[in-house]
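Heads up: the structure comes next, in structure tokens.
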Amino acid sequence: MRYELLLQTMTPGSPYEAARVDALLSERGVVARPDGVRRWSFKNGDVDIGELREGGQVVATELRVPLSDRPDLMREAVEAAAALASEAGVRLVDPQLGRSLTGNDDAGVLEQYVRTARYAGEVAGVPEAMGAGSYALETEGSRGFQLSTRMVLIAIGIFVVLYLVVDTLVGQLGGR
């Protein structure tokens, strides 16, 4: 499993200039492996690059970031891809979030990346993402009780109140 980002045209439906994006990727040291997949190397790892085709036409360049328990590679990839998109005159899109990104959007992307990696590690059993369940981004929502803990405590509170109300009503009807 991988987290995917797309480089697409600014205007949906207009032709995608894959050659321009490919030239800029080559300038950044992207190399093709023997199997045809291109690899973009960063300080914290490598990102695979492919083409997204519809009807035989290239409509986007796909950046596939491997899932892991450390989001440093994802942060690097978003910043570099946003700079490349700006230079190429295309937009960087996160399909998981359903929106275009800039270099400053890494916080939202990282939260989604961590959720995806956690899912891959816990549910799908992806070995390289196994530690992601213990990794948490420092956000306002991560301080104090987790949402699931709050929901359990609220449910217990509701059941206790209902028990006391029903017990009082039964006691009054039964003559206790």
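The values are calculated or read from the model by the stated rules, or taken from the named source; none is laboratory data. These numbers were taken from a predicted model, which means no experiment stands behind them. In this analysis, Cβ positions are derived from the backbone assuming ideal geometry, glycine residues included, and neighbour counts consider all displayed protein chains. Protein only, heavy atoms only, side chains kept; ligands, DNA and RNA dropped before computing areas. Shrake-Rupley method; radii C 1.70, N 1.55, O 1.52, S 1.80 Å.
Screening the stretch 17-41 for residues that are among the β-branched types (Val, Ile, Thr) and part of a loop (DSSP other than H, G, I, E, B) and picking the one that is nearest to residue 90 (Cα to Cα) gives 30.
Kindly indicate which of 21, 109 is open to solvent by less than 60 Å² (accessible area, probe 1.4 Å) and under 17 Å from the mean Cα position of the chain (by Cα). If you could, list the steps in order and put the result at the bottom.
Details: 21 fails: under 17 Å from the mean Cα position of the chain (by Cα).
Answer to the check: 109.
Of everything listed in (1) crowded, with 16+ Cβ neighbours inside 10 Å; (2) within 20 Å of the chain's Cα centre (by Cα), the single unmet condition for residue 90 is (2). Considering (1) under 19 Å from residue 1 (Cβ atoms); (2) open to solvent by less than 60 Å² (accessible area, probe 1.4 Å); (3) free of Cβ contacts under 8 Å to residues at least 40 places away in the same chain; (4) in contact with a helix residue (DSSP H, G or I) (Cβ under 9 Å, 6 or more places away or on another chain), the lone condition that residue 44 does not fulfil carries the number (2).
Being charged (D, E, K, R) and part of a strand (DSSP E or B) is the filter here; which residues of the stretch 90-116 pass it? Before you say what the answer is, go through the steps one by one.
Start the filter on the stretch 90-116 by keeping residues that are charged (D, E, K, R), which leaves 91, 94, 99, 105-106, 111, 115.
Across the stretch 90-116, the qualifying residues are 91, 94, 99.
Of the residues making up the stretch 67-83, just one is buried (at least 17 other Cβ atoms within 10 Å of the Cβ), out of contact with any strand residue (DSSP E or B) (no Cβ under 9 Å at 6 or more places or on another chain) and touching a residue at least 60 places away in the same chain (Cβ under 8 Å), namely 71.
Residue 101 - would you say it is surrounded by 17 or more Cβ atoms within 10 Å (Cβ to Cβ), within 17 Å of the chain's Cα centre (by Cα) and under 11 Å from residue 7 (Cβ atoms)? Taking the combined requirement at face value, the residue satisfies it. Do the conditions hold for residue 14, that is, is it outside any loop (DSSP other than H, G, I, E, B), hydroxyl-bearing (Ser, Thr, Tyr) and either out of contact with any strand residue (DSSP E or B) (no Cβ under 7 Å at 6 or more places or on another chain) or surrounded by 14 or more Cβ atoms within 10 Å (Cβ to Cβ) (or both)? It is false that residue 14 is outside any loop (DSSP other than H, G, I, E, B), hydroxyl-bearing (Ser, Thr, Tyr) and either out of contact with any strand residue (DSSP E or B) (no Cβ under 7 Å at 6 or more places or on another chain) or surrounded by 14 or more Cβ atoms within 10 Å (Cβ to Cβ) (or both).
Here residue 125 meets the list (1) assigned to a helix (DSSP H, G or I); (2) modelled with pLDDT of 60 or more; (3) not polar (S, T, N, Q) almost entirely, failing just condition (1).
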